[in-house]
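Working notes, beginning with the structure itself.
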Amino acid sequence: MMDSLQVSVVIPVFNEELVLHEFYPRLKKEAESWGKSYELLFVDDGSTDNSFELICKWKKIDSNIRVIKFTRNFGQQAAVLAGFRQSRGDIVVQIDSDLQNPPEEIKRLLGAFTDEVDLVVTIPRKRRDSSLRILGSKVLHFLAQALFGNRFKLNLSSFRAMRRSVIEKIDQCQDRSRYMAVLMSWMAVPTVHVEVDHHLRKMGQTKYGVLPLLRLTWDLITGYSNFP
């Protein structure tokens, strides 16, 4: 059995070569400030640029890095789930590498845990996404409210932290949903919300456009409602 750590950071990556040059040094500096044992677990989701090669180069000089490589692009949710399953931390943080969520905010998520809290989810102070993405998210929230009422709190942020027990529950429910945001909302584990900064993407293009939002809508209807 692999030795456990205090914190695992799971980072799904797909063609983020340009932004990784800034993301990794900032994440490394942040992780060193925690005073905890940690690992940085990159999951390359079939990148066709030099993302994987960059991560492997850093891995040679940083023993805290681990990397998983997919043979092709399976999608962000598959990459996240693979990272969760391979993580060793008592606390697991999920963050994208696009720098829309600053890695310097991770310490605030770690500090939000208490004995009564198993999941920390984030709320952006002001979203810096495209108008279409914001509209799609609003439609999903409206749909969730209409289907389930106040008992279902859908949070679409992919910046979150959770205890190992939540990872184990996710694995048990793996056939229920392909989307972490929906699954975690449905599980209703003890949760706290933390406001964080949300920045414009500096370079590259978002990997989470209209089609994934449509799939998420269908997933919400067919997987969690009594809709025929």
Failed condition for Ser8, given (1) among the hydroxyl-bearing types (Ser, Thr, Tyr); (2) farther than 18 Å from Met162 by Cα; (3) buried (at least 18 other Cβ atoms within 10 Å of the Cβ): (2)
Residue list for the stretch 31-47, filter: of a type outside the set (D, E, K, R), under 14 Å from Ala82 (Cβ atoms) and surrounded by 19 or more Cβ atoms within 10 Å (Cβ to Cβ): Leu41, Phe42, Val43
Could you say whether any residue in the stretch 188-200 is surrounded by 16 or more Cβ atoms within 10 Å (Cβ to Cβ), more than 20 Å from Pro12 (Cβ to Cβ), among the acidic types (Asp, Glu) and modelled with pLDDT of 80 or more? no
If Val19 meets every condition in (1) at pLDDT 95 or above; (2) under 26 Å from Val166 (Cα atoms) apart from one, which number is that one? (2)
Residues located in the stretch 1-55, provided they are of a type in the set (Phe, Trp, Tyr) and closer than 17 Å to Asp90 by Cα: Trp34, Tyr38
Residues in the stretch 123-139: is at least one within 13 Å of Asp197 (Cα to Cα), at pLDDT 85 or above and surrounded by fewer than 17 Cβ atoms within 10 Å (Cβ to Cβ)? yes
Residues in the stretch 71-86: is at least one crowded, with 22+ Cβ neighbours inside 10 Å, charged (D, E, K, R) and either farther than 22 Å from Met162 by Cβ or modelled with pLDDT under 95 (or both)? no
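The values are calculated or read from the model by the stated rules, or taken from the named source; none is laboratory data. This one's a predicted model, so the numbers in the text were calculated from it and none came from an experiment. Neighbour counts are summed over all protein chains in view; Cβ atoms, including those assigned to glycine, are modelled from backbone coordinates with ideal geometry.
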